[in-house]
Amino acid sequence: MNLKKEHFVGKPALAREARAGPQWQFAGVEVEWDALERLYAEAGLAPSLPATAWRASVPIYVGGEQAGYATSGAWSPLLKKYIALAHVHSRWAAPGTAVEMEVTVEHRRKRAAARVVKKPFFDPERKRA
């Protein structure tokens, strides 16, 4: 999009959005393993994560407010972490922001501590051009 063009349909709206910045951002989320273990222990169970990646809308919270939603997630055997991709409001999209992700334990919805992380989750030096 070239906002320097003289005139085109939608230019004022696009210019406003460019000044204000995006309302939403696509971010990575890491769920804290200790938080997951604690939630499962409260139900008298060992932690159990899906064997394959999931693709469903899962709420992300900051305090009592919904901050966004995870769109997919999985256990990463390479990173040894439970990770998810999420759309979050820009004010909570900075890496390191503490959030909570909804998880289901024994048919009950709970919130596990998590944090926003930089994407890609794994970016080895040797793989860059």
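Taking the options 63, 10, 28, 68, name whichever one is over 18 Å from residue 121 (Cα atoms), in contact with a Phe, Trp or Tyr (Cβ under 9 Å, 6 or more places away or on another chain) and not hydrophobic (A, V, I, L, M, F, W, C). Give the derivation first.
On the way: 63 fails: in contact with a Phe, Trp or Tyr (Cβ under 9 Å, 6 or more places away or on another chain); 10 fails: in contact with a Phe, Trp or Tyr (Cβ under 9 Å, 6 or more places away or on another chain); 28 fails: over 18 Å from residue 121 (Cα atoms).
On inspection, the qualifying residue turns out to be 68.
Considering only residues of the stretch 62-94 that are more than 10 Å from the chain's Cα centre (by Cα) and in contact (Cβ under 8 Å) with a residue 40 or more places away in the chain, which is surrounded by the most Cβ atoms within 10 Å (Cβ to Cβ)?
Looking at the filtered set, the residue picked out is 82.
Among the residues of the stretch 52-88, write down those that are touching a Lys or Arg at 6+ places or on another chain (Cβ under 7 Å) and over 13 Å from residue 28 (Cα atoms).
Listed by number, the list holds a single entry, 61.
Among the numbered criteria (1) assigned to a strand (DSSP E or B); (2) at pLDDT 95 or above; (3) over 15 Å from residue 24 (Cα atoms), which one does residue 104 miss?
(2)
Name the residues in the stretch 11-54 that are part of a loop (DSSP other than H, G, I, E, B) and either modelled with pLDDT under 90 or surrounded by 11 or more Cβ atoms within 10 Å (Cβ to Cβ) (or both), would you?
Initially, the stretch 11-54 is screened for residues part of a loop (DSSP other than H, G, I, E, B), giving 21-23, 32, 43-53.
Once the filter is applied, which keeps residues that are part of a loop (DSSP other than H, G, I, E, B) and either modelled with pLDDT under 90 or surrounded by 11 or more Cβ atoms within 10 Å (Cβ to Cβ) (or both), the stretch 11-54 yields 21, 22, 32, 43, 45, 47, 48, 49, 50, 51, 53.
So residue 116 clears everything in (1) farther than 15 Å from residue 62 by Cβ; (2) modelled with pLDDT of 95 or more; (3) among the β-branched types (Val, Ile, Thr) except one condition, right? Which one?
(1)
The values are calculated or read from the model by the stated rules, or taken from the named source; none is laboratory data. Because the structure is predicted, anything quoted here is derived from the model rather than measured. Using ideal geometry, Cβ is built from the backbone for each residue, glycine included, and neighbour counts are taken over all protein chains shown.
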